[in-house]
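What follows is a single structure, written as structure tokens, with notes after it.
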Amino acid sequence: MTVMPTRFKVNGRDVEVQVDSRTSLADCLRHDLKLTGTHLGCEHGVCGACTIILNGAAVRSCLMLAVQADGSDIVTVEGLADGDALSPLQASFRKHHALQCGFCTPGILTTAHALLSEEPDADADRIRSVLSGNICRCTGYISIVDAVLHARAAYRRPGAGQ
Amino acid sequence: MKFPALDYARPDSLEDALALLSSGRGEAKALAGGQSLMPMLAFRLAAPRLLVDLACIPGLNRIAVEADGLRLGALVRWVDIERHSTLRAAHPLLAEAIRHVAHYQIRNRGTVGGSLAHADPAAEMPGIAVVCDADISIAGPRGLHTIAAGDFFTGALSTVLQPDELIVEIRLPAWPSGRRWAFEEFARRAGDFALAGVALFYDLDSSGCVLDPHIAAIGVSDRPLRLRAAEAAIAGARITADAIRAAAAAAPHHIEIADDIHAPADYRSALLSTLAQRALARAACLSIPEETS
């Protein structure tokens with residue numbers, strides 16, 4: 001095992017961490033950078049709770065080593081809101097009651113944010129298909145799909161949704 | 001579970017990667033997208049001492065649509081195939097099969113080479129490689145060589161790839177226009193590995209008879225398999241509902257069907273016939289009522 005200096009950008013901030021090569025990116029974000037919004041459910045790529053946005057693409061942070069993220073640009077759920085103001089997607093989740101216990105929510109928000117940033121016109125079928133990679137045991141998904149559908153308008157405006 | 005202790009290297013040339021794999025004396029493993037390997041590490045089904053990350057090796061993520069076929073570099077991701085502007089027209093069967101691979105987030109990192117090397121019996125890419133008579137290019141300490149996909153897979157999660165070798169590229173033969181094709185699979189949840197799947201294509205001769213049918217199954221055995229009995233049943237025939245029913249019934253013949261916790265062999269065998277019938281009907285644009293029992 002080796003400790004390797006690893007540099008990347010997270011939520012707009014340049015960071016450097018000294019991580020063991022075996023450390024997952026999820027554990028690095030949570031333990032080294034104290035970004036505990038990223039949740040770990042299954043730790044083998046099935047539940048989607050640990051989804052982050054890496055260079056614009058939604059990925060499972062439990063299926064990557066932190067050292068693999070060297071040089072990349074990462075957005076976690078903490079990077080979606082502007083200070084205390086919820087992002088349009090987050091506000092839509094609140095309005096539509098799209099969470100109950102909230103454990104899966106960070107992964108669902110990052111996944112939906114990545115999707116709508118690329119496909120602001122995604123329809124309900126596309127949204128359901130994408131969210132099939134995120135397990136929610138509370139909501140039954142209907143309110144989540146509604147929330148994502150209603151957030152689309154914010155991503156269609158230039159500059160919105162980042 | 002947390003990953004086992006390991007060393008990590010990210011070489012920037014194929015030569016360096018091969019040297020690192022050789023230095024590992026069988027305990028080094030190549031890392032591409034990691035979407036199969038990292039779960040294996042989390043479950044301790046694999047515990048390599050050294051991971052050799054291929055991410056910085058130039059040229060391995062190329063997609064080339066050429067007159068004599070389609071070439072996919074080992075690091076081509078599922079999302080690259082999905083978004084490619086001409087690939088769906090150049091190889092509709094590949095494009096359709098890839099739509100079924102795993103979930104959105106996995107598709108952003110999972111790679112063609114990784115899927116071939118991992119060799120899950122239910123994975124789509126190995127099935128497409130086998131049904132299309134693809135060639136797989138492998139680099140190793142003794143240079144480059146090519147192997148037919150039909151000879152590459154040796155069992156569940158097993159291939160002829162040696163610990164000091166790397167997949168560089170897969171080549172699929174050119175796809176003539178007018179070719180009939182279909183891909184069908186069944187999984188209990190979206191994105192899960194299929195309990196069974198069928199990929200097929202054939203051409204039609206000037207009198208409308210089936211020429212050179214290729215039919216393969218995934219998920220029913222320890223590796224992707226050609227369904228020779230079903231192929232023989234439609235070769236030279238006119239595609240009618242009766243011909244399709246006969247070929248579908250023959251689909252499970254002469255293959256050893258897996259029996260595991262996900263499904264008993266007789267269920268998988270029936271599912272294989274059903275999927276073969278659906279695929280043949282779809283390829284022929286026919287609607288055939290399915291028996292329910």
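Between A:Gln18 and B:Ala229, the FRET efficiency from the beta-carbon distance, with R0 = 51 Å, is close to 0.30. Across segment A:88-156, the mean sequence separation of Cα contacts (distance under 8 Å, 6 or more residues apart), normalised by length, yields a relative contact order of 53 percent. Excluding residues fewer than 8 places away in the same chain, name every one of the aspartates and glutamates whose C-alpha is closer than 18 Å to that of B:Lys2. Candidates past the 8-residue exclusion: A:Asp20, A:Asp27, A:Asp32, A:Glu43. Applying the Kirkwood pairwise sum to the alpha-carbon positions of segment B:102-210 produces a hydrodynamic radius of 15.5 angstrom. The modelled label-to-label distance for the pair B:Ala67/B:Arg25, using points 7 Å beyond Cα in the direction of Cβ, is 5.1 nm.
The HN-Hα couplings worked out from phi for segment A:22-39 by the Karplus form 6.51 cos²θ - 1.76 cosθ + 1.60 (θ = phi - 60°) are 7, 5, 6, 4, 4, 5, 4, 4, 6, 8, 7, 9, 6, 8, 7, x, 6, 9 Hz, whole numbers, x standing for Gly and Pro.
The shape of chain A can be summarised by an equivalent ellipsoid whose semi-axes, obtained from the alpha carbon gyration tensor, come to 27, 17, 13 Å from longest to shortest.
The calculated FRET efficiency for the pair B:Leu204 and B:Asp151, based on their C-beta separation and a Förster distance of 41 Å, comes to about 0.90.
Rg ratio for chain B: its Cα radius of gyration over 2.2 N^0.38 Å, N being its residue count, equals 1.02. Spin-label model, A:Arg7 to A:His31: label points 7 Å out along the Cα-to-beta-carbon direction sit 2.4 nm apart. Annotation: lysines with alpha-carbon distance below 30 angstrom to A:Lys95 (same-chain offsets under eight excluded): A:Lys34.
Per-residue shielding of A:102-109, expressed as the average number of other chain Cβ atoms within 10 Å of the residue Cβ, stands at 0. Connecting C-alpha atoms closer than 10 Å in a GNM of chain B, tell me which of B:Asp260, B:Asp222, B:Asp135 has the biggest fluctuation. In the Gaussian network model the winner is B:Asp260. Taking only the C-alpha atoms of the protein assembly as shown, Rg followed by Dmax gives 22.9, 71 Å. Our note on the geometry: Cα centres of segment B:206-230 and segment A:47-67, 38 Å apart. A straight chain from A:Asp82 to A:Ala154 at 0.36 nm per residue would run longer than the Cα-Cα distance by 24.5 nm. In sequence order, segment B:140-151 has phi-based couplings of x, x, 9, x, 8, 9, 10, 10, 5, 4, x, 9 Hz under the Karplus curve 6.51 cos²θ - 1.76 cosθ + 1.60, θ = phi - 60°, and Gly or Pro positions carry x. The helix-based estimate of mean residue ellipticity at 222 nm for chain B, built from -39,500 (n - 2.57) per DSSP H run of four or more residues and divided by its residue count, is -8000 deg cm²/dmol to the nearest 500. Quick one: among B:Glu15, B:Glu184, B:Glu169, which has the greatest mean-square fluctuation in a GNM of chain B with alpha-carbon springs under 10 angstrom? Top of the fluctuation ranking is B:Glu15. What the phi angles of segment A:105-122 give under the Karplus curve with 6.51, -1.76 and 1.60, with θ = phi - 60°, is a coupling list of 4, x, x, 6, 5, 5, 4, 5, 5, 5, 4, 5, 5, 9, 10, x, 9, 3 Hz, glycine and proline written as x. Extending 7 Å from Cα along the Cβ direction at A:Ser72 and again at B:Ser13 yields two label points whose distance is 2.7 nm. Residues B:Ser287, A:Ser132, arranged from fewest to most other Cβ atoms within 10 angstrom of their Cβ, appear as B:Ser287, A:Ser132. Among B:Ile261, B:Ile98, B:Ile147, the largest mean-square fluctuation in a Gaussian network model of chain B (Cα springs under 10 Å) belongs to B:Ile261.
Only the coordinates and a few stated rules stand behind these numbers; no lab work does. Everything numeric in this text was worked out from a predicted model, so none of it was measured. Note that we place each Cβ from the backbone using ideal geometry, even for glycine, and neighbour counts take in every protein chain shown.
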